[in-house]
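Asks: Please see the structure below; I have some questions.
The values are calculated or read from the model by the stated rules, or taken from the named source; none is laboratory data. Owing to the predicted nature of the structure, the values given are computational and were not obtained by experimental measurement. Because the Cβ atoms are built from the backbone with ideal geometry, glycine has one as well, and the counts that use them run over all protein chains shown. In case anyone asks, the SASA skips ligands and DNA or RNA and just uses the protein heavy atoms, side chains included. Shrake-Rupley method; radii C 1.70, N 1.55, O 1.52, S 1.80 Å.
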Amino acid sequence: MHDGLQEVQFDGLVGPSHNYAGLSPGNLASDRHRGVISQPRAAALQGLQKMRLVHSLGVPQGVLPPHERPLLSALRRWGFRGSDEAMLSEAWGHDGGHLVRVASSASAMWTANSATVAPSCDTDDGKVHLVVANLLTMPHRSLEPESTQRILRTIFRDPAHFVVHDPLPGGYLMTDEGAANHTRLFGTGGAVHLFAWGRRGSTADVDGPRQHVARQTEAASRSIARLLAIDSARALFPRQHPSGIDAGGFHTDVLAVGSGSVLLLHEQAFVAPEALLAELRKLVGPEFQAILARQEELPVSEAVECYPFNSQLLQLPDGTMTLVAPTESRESAACRRYIERVLASGTPIRSVHYVNLRQSMQNGGGPACLRLRVPLTATERGCLHARVLADESLFERLERWVCRHYREQIAPEDLRDPHLHRESMTALDELTGILNLGSIYEFQR
Ligand code: SUG
């Protein structure tokens with residue numbers, strides 16, 4: 001990276017309503033843990049622990065606030081009336097409580113899905129561009145973009161440096177899951193952006209996944225590349241492998257991760273991986289290195305279960321890179337061996353840190369899902385609004401805040417409890433003060 005450009009990791013704080021509702025078909029962990037009792041306090045502390053680690057490695061760490069949940073305004077727009085309590089209780093009686101579960105998910109924690117980002121050095125107007133993801137495929141996630149947009153427009157509000165684009169219109173044609181399907185690589189040849197997609201969107205797919213839904217369309221990926229205002233010669237649009245999606249690789253970042261001139265991938269991440277890697281070598285430069293895991297070395301089912309490719313790949317101040325990987329990928333012999341092979345293969349990746357994110361992992365969200373990468377120059381970092389760049393004292397304040405407000409456990413039927421909503425609003429109200437965000441929530445207006 002150049003010009004003082006540094007990638008800031010913006011992690012989503014786990015919200016007070018973190019629970020396991022089995023809302024994401026095609027995400028095998030979400031399905032498997034449906035109805036399990038969750039531990040919101042432990043979940044939020046695990047997330048903060050990871051942020052602390054990243055910050056201690058010398059990598060800039062940012063935080064993004066949870067969204068308001070349950071989102072009572074959604075219940076109101078679905079036609080429920082009366083006091084908050086009456087509405088929750090009436091909605092709970094419909095469809096076995098499904099609408100309340102949809103309105104209660106803390107899924108905004110997975111900020112890799114909040115937006116797609118291009119750094120100012122890659123865009124034609126020299127500004128950082130962010131496109132808010134519409135997240136239209138999963139109903140609970142489709143409730144996020146409105147708040148995400150408000151939050152990102154608050155933090156990245158300086159028009160001299162930042163452009164925050166609206167989520168894409170166009171419904172089923174334009175379904176978009178944000179940076180989870182985007183990778184920026186960089187080498188002596190310059191920057192290259194990969195925008196992966198799982199279904200075409202504009203035409204029927206006969207060759208798509210058979211069991212699970214493909215969440216990102218090619219039409220959406222191409223729109224995002226246009227909006228980001230990057231050189232079209234530097235954008236590639238590989239297709240996610242349909243068998244990878246059917247195996248549970250619902251986002252590209254479940255089966256691949258890249259940064260700088262390195263790409264780690266499973267052979268079922270993309271269709272025709274060899275052709276893609278040859279193209280990347282041409283564009284990124286001769287230093288480009290890919291470590292491809294074959295099915296024999298690491299079965300895709302194990303990669304989906306243990307998430308080694310959902311590691312964060314971080315550039316360290318000393319010029320080397322490190323992997324922040326979930327502990328699950330150390331517990332699996334095949335994943336651990338793959339990571340050892342990565343460390344021994346002569347790339348700049350020299351170390352691995354295993355982190356316990358069990359609470360998020362059980363919903364299909366690993367280290368890479370929990371962060372949005374935003375490469376910023378020193379000037380741009382100085383122009384961020386609000387206190388979202390973390391340091392030790394912010395971590396301490398946030399940990400105390402979590403311990404004060406978060407429940408230890410949430411069982412499925414707790415979601416009907418109106419106290420949970422009130423407790424969450426009290427917590428979020430205090431958080432906007434800690435992060436100096438102003439009144440970003442509907443309930444504060
Ligand atoms: O969209 N899980 C999220 C996980 C997102 C992971 N993100 C990335 N791969 N970047 C999802 O499927 C589960 C919620 C529940 O079932 O309660 C959920 O939304």
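Asks: Determine whether residue 219 is surrounded by fewer than 24 Cβ atoms within 10 Å (Cβ to Cβ), free of Cβ contacts under 8 Å to residues at least 60 places away in the same chain and under 24 Å from residue 167 (Cβ atoms).
Replies: Working: surrounded by fewer than 24 Cβ atoms within 10 Å (Cβ to Cβ): yes; free of Cβ contacts under 8 Å to residues at least 60 places away in the same chain: yes; under 24 Å from residue 167 (Cβ atoms): yes.
Judged against the criteria, residue 219 is a match.
Asks: Another question, if that's okay. May I ask you to list pairs of residues, at least six apart or on different chains, whose Cβ atoms are under 6 Å apart, with the first in the range 127-153 being without any contact (Cβ under 8 Å) to a residue 12 or more places away in the chain and within 13 Å of residue 169 (Cα to Cα) and the second being open to solvent by less than 30 Å² (accessible area, probe 1.4 Å) and assigned to a loop (DSSP other than H, G, I, E, B)?
Replies: From the range 127-153, the pairs are 142/135.
Asks: Still on this structure, please answer the following. Suppose we filter the range 14-28 for residues that are more than 8 Å from the ligand (Cβ to nearest atom) and closer than 21 Å to residue 310 by Cβ; how many remain?
Replies: Number of matching residues: 5.
Asks: Pairs only if they're at least six apart or on different chains, beta carbon under 8 angstrom, first in the range 193-211 and buried (at least 22 other Cβ atoms within 10 Å of the Cβ), second charged (D, E, K, R) and assigned to a loop (DSSP other than H, G, I, E, B); list them, first residue then second.
Replies: 198/215; 199/205
Asks: Give all pairs with beta carbons closer than 6 Å in which a residue from the range 417-433 that is over 20 Å from residue 386 (Cα atoms) meets a residue that is in a helix (DSSP H, G or I) and open to solvent by 70 Å² or more (accessible area, probe 1.4 Å); count only pairs at least 6 apart in sequence or on separate chains.
Replies: Filtered contacts from the range 417-433: 418/85.
Asks: Also, I was wondering about something else. Here's a check for you: in the range 207-261, which residue that is in a loop (DSSP other than H, G, I, E, B) and among the hydrophobic types (A, V, I, L, M, F, W, C) is farthest from the ligand (Cβ to nearest atom)?
Replies: 229
Asks: Same structure, new question: If a residue must be open to solvent by less than 10 Å² (accessible area, probe 1.4 Å) and either assigned to a loop (DSSP other than H, G, I, E, B) or of a type in the set (D, E, K, R) (or both), how many such residues does the range 262-282 contain?
Replies: Number of matching residues: 1.
Asks: Right, residue 35: open to solvent by 10 Å² or more (accessible area, probe 1.4 Å), in a loop (DSSP other than H, G, I, E, B), on the phi > 0 side of the Ramachandran plot and more than 15 Å from the ligand (Cβ to nearest atom) or not?
Replies: It is false that residue 35 is open to solvent by 10 Å² or more (accessible area, probe 1.4 Å), in a loop (DSSP other than H, G, I, E, B), on the phi > 0 side of the Ramachandran plot and more than 15 Å from the ligand (Cβ to nearest atom).
Asks: Let me ask another. How many residues does the range 303-337 hold that are over 22 Å from residue 54 (Cβ atoms) and buried (at least 21 other Cβ atoms within 10 Å of the Cβ)?
Replies: Result for the range 303-337: 2.
Asks: Mind counting the residues in the range 371-405 that are open to solvent by 40 Å² or more (accessible area, probe 1.4 Å), free of Cβ contacts under 8 Å to residues at least 60 places away in the same chain and closer than 26 Å to residue 420 by Cα?
Replies: 4
Asks: Hey, which of the strands (runs of 3 or more DSSP E) in the range 59-168, taking only ones fully inside, have at least 3 residues that are in contact with a His (Cβ under 9 Å, 6 or more places away or on another chain)?
Replies: Answer list for the range 59-168: 115-118, 128-132, 162-165.
Asks: Please enumerate the residues belonging to the range 172-190 that are among the acidic types (Asp, Glu) and within 17 Å of residue 120 (Cα to Cα). First the steps, then the outcome.
Replies: Here is the first cut: in the range 172-190, the ones among the acidic types (Asp, Glu) are 176-177.
Residues satisfying the conditions do not exist here.
Asks: Here are 156, 80: which of them is more than 16 Å from the ligand (Cβ to nearest atom) and open to solvent by less than 10 Å² (accessible area, probe 1.4 Å)?
Replies: Numbers: 80 fails: open to solvent by less than 10 Å² (accessible area, probe 1.4 Å).
The match here is 156.
Asks: Contact list please: Cβ distance under 8 Å, first residue in the range 84-112 and of a type in the set (Asp, Glu), second residue part of a helix (DSSP H, G or I), pairs at least six apart or on different chains.
Replies: Every condition considered, the pairs that remain are 84/72; 84/418; 84/421; 85/418.
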